[in-house]
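Colleague: The structure follows.
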Amino acid sequence: MKNHCLAVDIGASSGRLILGDLHEGTLHLEEIHRFENQIIEKKGHYCWDVEALFAEIKAGIKKCNDFGVQPVSIGIDTWAVDFVLLDEHDQPLTEAISYRDPRTDGIMEEVVDLLMEERLYLETGIQFQKFNTIYQLYALKKQNPEVLEKAKSFLMIPDYLHYLLTGEKANEYTNATSTQLINAFTKKWDKEIIDTLGLNFEMFQEIKMPKETLGSLRSKLVEEFGFDMDVILPATHDTGSAVLAVPELEDTIYISSGTWSLIGVENHFPICVTKALDYNFTNEGGMDYQFRFLKNIMGLWMIQEVRRNYNNQYTFAELVELSQDVSLFNSTVNVDDQRFLKPDNMIEEIQQYCQETNQQIPEQPGEIAKCVFESLANSYQKAVSELEDIFEKVFNTVNVIGGGCQNELLNQLIANVTQKEVYAGPVEATAIGNLVVQLIALGEIKDIEKARHIIKQSFEVKKYVYSNGNPFCIG
Ligand SMILES: Nc1ncnc2c1ncn2[C@@H]1O[C@H](COP(=O)(O)OP(=O)(O)O)[C@@H](O)[C@H]1O
Ligand SMILES: C[C@H](O)[C@H](O)[C@@H](O)C(=O)COP(=O)(O)O
Ligand SMILES: [Mg+2]
């Protein structure tokens with residue numbers, strides 16, 4: 001009887017449960033459940049509705065029975081940095097506050113005054129993003145010290161969802177590195193940094209690695225689902241799982257393209273040199289202690305918000321189409337300006353930026369969309385040149401993975417501005433990376449090299465080449 005595994009991939013805009021099994025040397029996927037995810041406002045903060053997300057996970061697991069499949073394992077991956085704190089009775093002390101919440105405004109600067117930027121970067125190798133867990137916890141210490149005093153368990157979002165499934169508490173390594181509290185060399189919680197900030201070291205859990213089994217389901221869930229499963233830890237940071245599914249990494253820059261655009265390369269050791277700090281690249285931990293040397297770019301969040309501002313009257317595909325009808329419009333913005341992290345109205349923020357920079361102000365939906373896509377492509381090109389400066393080499397290809405690889409216009413723009421071959425796919429790279437780790441743990445796939453070979457054989461990848469004609473010409 002062949003083994004089915006179940007991947008739960010929850011990004012900032014959507015979640016999906018995907019069954020995977022190996023069939024004649026290829027990986028077969030079956031999407032059994034998909035749901036929206038979004039930030040909600042609760043008690044004056046931007047939060048994630050984790051209880052609703054867990055309800056969706058349970059609803060998706062129950063659908064396995066409709067497919068006549070009882071998976072042997074499950075693994076959950078989500079966005080990074082965010083967490084839940086549990087008290088001595090294992091009850092949540094806070095809402096799952098989102099990284100887009102303004103509670104960390106000004107906090108990074110305070111922490112850097114205490115810890116020195118160079119030291120923090122040399123020890124953790126993590127990029128300076130104002131929403132990193134370290135700043136969220138320090139904000140909590142300043143704003144709600146009583147909450148931190150009661151905290152007995154620190155669980156990141158996937159850790160918490162795994163805890164709800166199994167009753168087992170642990171911090172999975174790849175996601176833990178995004179906190180900026182893991183030492184890049186010891187691979188452990190950095191007690192010196194934690195103590196310096198006056199955080200409670202005891203609340204951090206044992207670090208567990210991808211491929212480890214966390215435990216089996218709580219008995220009440222076995223009853224509810226009609227079957228048991230082991231939780232096999234994937235790279236619970238979704239980008240960690242996504243990069244594992246990049247079919248070919250040699251001389252390749254990946255762009256994990258979803259709500260965020262994460263652009264970088266895979267490396268065997270952390271790069272914490274001054275130039276990497278100056279460019280604000282990060283060294284996120286990967287499976288088998290690899291590193292994702294990458295940087296965050298604002299990503300398709302911007303077009304998600306534009307779509308929301310238009311009351312979702314356009315699909316993403318329609319916004320791409322509309323942007324192709326305005327080829328003469330060419331205003332662009334700096335997508336990495338923090339004003340775009342959580343504006344009240346993304347369209348107005350983009351228009352304001354163009355006015356302030358004496359550019360033609362986009363008015364039509366197509367002009368707004370084109371401004372977003374072209375601006376993203378420009379930011380990708382800047383990151384590519386920074387990577388080539390740091391590695392002192394030319395990378396031949398760019399591989400776009402994730403939902404954003406369906407944006408054929410953006411793929412062509414990337415090929416045009418970088419003048420490199422662009423490969424697009426797999427779309428569900430994150431879920432695929434999640435699944436292959438479970439299959440490796442089960443002994444169904446030998447290792448990640450073999451997994452990438454299987455992925456290459458199993459999924460379509462489209463190619464785009466530099467076209468010096470109309471920037472919207474699809475190669
Ligand atoms: N048919 C499509 N055409 C163009 N872009 C698309 C299409 N479908 C999805 N996208 C893009 O993919 C993004 C979602 O990617 P996904 O990886 O699912 O995000 P996340 O994991 O962050 O929730 C959307 O914001 C949208 O911009
Ligand atoms: C805030 C983090 O940088 C962010 O979670 C990023 O690391 C990430 O994983 C984004 O994933 P999406 O699927 O939400 O784009
Ligand atoms: Mg995602």
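Colleague: What translational diffusion coefficient, to the nearest whole µm²/s, does segment 209-255 have by Stokes-Einstein, given a Kirkwood radius computed over alpha-carbon pairs, a temperature of 25 °C and 0.890 mPa s viscosity? Each step should come with its number before you reach the end.
Modeller: Numbers: Rh = 13.0 Å.
D, rounded to a whole number, is 188 µm²/s.
Colleague: Related question: Given H placed 1.01 Å from N in the peptide plane, which residues other than close sequence neighbours of residue 27 have an amide H under 5 Å from its amide H?
Modeller: 458
Colleague: Further question: What ranking, highest mean first, results for peptides 409-416, 327-334, 291-298 when packing means the other Cβ atoms within 10 Å averaged over each residue?
Modeller: Working: 409-416: 25.1, 327-334: 16.6, 291-298: 22.2.
Order by mean packing, descending: 409-416, 291-298, 327-334.
Colleague: Please report Rg (one decimal) and Dmax (integer) in Å for the Cα set of segment 318-475.
Modeller: 18.3, 59
Colleague: Can you give the Rg to Rh ratio for segment 140-191, taking only C-alpha atoms and Rh from Kirkwood? List each step's numbers first, then the result.
Modeller: On the way: Rg = 12.6 Å, Rh = 12.4 Å.
Radius of gyration relative to Kirkwood radius: 1.02.
Colleague: Let me ask another. How large is the charge dipole for the chain, taken about the Cα centre, if only the Cβ atoms of Lys, Arg (+1) and Asp, Glu (-1) carry charge, to the nearest 20 debye? Could you put the intermediate results ahead of the total?
Modeller: Working: 41 positive and 72 negative charges, 94 e Å.
Charge dipole, the chain, about its Cα centre: 460 debye, nearest 20.
Colleague: Take every Cα-Cα pair in segment 10-110 and report what % of them are more than 15 Å apart. Display every interim value, and only then the final one.
Modeller: Working: 3537 of 5050 pairs.
That tail contains 70 percent of the Cα-Cα pairs.
Colleague: Can I ask one more? For the residue pair residue 325 and residue 220, what label-to-label distance in nm results when each label sits 7 Å from Cα along the Cα-to-beta-carbon direction?
Modeller: About 5.4 nm separates the two model spin labels.
Colleague: If you average the C-alpha positions of segment 255-319 and of segment 110-126 separately, how far apart do those two centres end up, in angstrom?
Modeller: 21
Colleague: Pop the C-beta distance of residue 352 and residue 228 into the FRET formula with R0 = 51 Å and round what comes out to the nearest 0.05. Show your work: numbers first, answer last.
Modeller: Details: r = 54 Å, r/R0 = 1.07.
Efficiency for this residue pair is about 0.40.
Colleague: In whole Hz and in residue order, list the ³J(HN,Hα) couplings for segment 264-276 that follow from phi through the Karplus curve 6.51 cos²θ - 1.76 cosθ + 1.60, θ = phi - 60°; x for Gly and Pro.
Modeller: Once θ is set to phi - 60°, the couplings for segment 264-276 become x, 9, 8, 9, 8, 8, x, 10, 10, 6, 4, 5, 5 Hz.
Colleague: Need one number: the % of Cα-Cα pairs in the chain sitting beyond the 45 Å mark.
Modeller: Details: 8416 of 112575 pairs.
Here the long-distance tail beyond 45 Å is 7 percent of all Cα pairs in the chain.
Colleague: Residue by residue through segment 152-165, what is 3J(HN,Hα) from phi via Karplus (6.51 cos²θ - 1.76 cosθ + 1.60, θ = phi - 60°)? Round to whole Hz and write x for glycine and proline.
Modeller: 10, 9, 9, 10, 6, 3, x, 4, 5, 5, 5, 5, 4, 7
Colleague: Counting only Cα atoms, I'd like the Rg/Rh figure for segment 5-232, Kirkwood definition for Rh.
Modeller: On the way: Rg = 18.4 Å, Rh = 18.5 Å.
Taking Rh as the inverse mean 1/r over Cα pairs, Rg/Rh reads 0.99.
Colleague: Roughly speaking, what is the centre-to-centre gap between segment 194-228 and segment 10-42 when only Cα atoms are used, to the nearest Å?
Modeller: 21
Colleague: Further question on the same structure: May I ask for the Kirkwood hydrodynamic radius of segment 267-333, worked out over all distinct Cα pairs and given in angstroms to one decimal?
Modeller: Working: mean 1/r = 0.0654 Å⁻¹.
It works out to 15.3 Å.
Colleague: Below 9 angstrom from the Cβ of residue 341, what's the summed charge of the other residues (Lys, Arg +1; Asp, Glu -1)?
Modeller: Details: positive: 100, 130, 339, 342; negative: 337.
After counting each charged neighbour, the total is +3.
Colleague: Same structure again: Counting only other residues whose beta carbon sits under 15 Å from that of residue 313, what net charge do I get with K and R as +1, D and E as -1? Show your work: numbers first, answer last.
Modeller: Values: positive: 307, 308; negative: 305, 318, 321.
Computed value for this residue: -1.
Colleague: Applying a 10 Å radius around every beta-carbon, put 371-379, 126-134, 25-33, 432-440 in order of their mean neighbour count, most first.
Modeller: On the way: 371-379: 24.7, 126-134: 22.7, 25-33: 15.7, 432-440: 28.8.
Highest mean packing first, the order is 432-440, 371-379, 126-134, 25-33.
Colleague: Given just the C-alpha atoms of segment 121-250, how large is their convex hull per residue in cubic angstrom? Walk me through the numbers on the way to the answer.
Modeller: Details: hull volume 17.8 nm³, N = 130.
Looking at segment 121-250, the number lands at 137 Å³ per residue.
Colleague: Further question on the same structure: When DSSP assigns beta bridges and you keep just the ones with both residues in the chain, what percent turn out antiparallel, to the nearest 5?
Modeller: Details: 49 of 70 bridges.
Percentage antiparallel, nearest 5: 70.
Taken together, the values in this text are just the output of simple stated rules run on the coordinates, not laboratory data. In this text, all values refer to a predicted model and were calculated from it rather than measured experimentally. We place every Cβ from the backbone using ideal geometry, glycine too, and count neighbours over all the protein chains shown.
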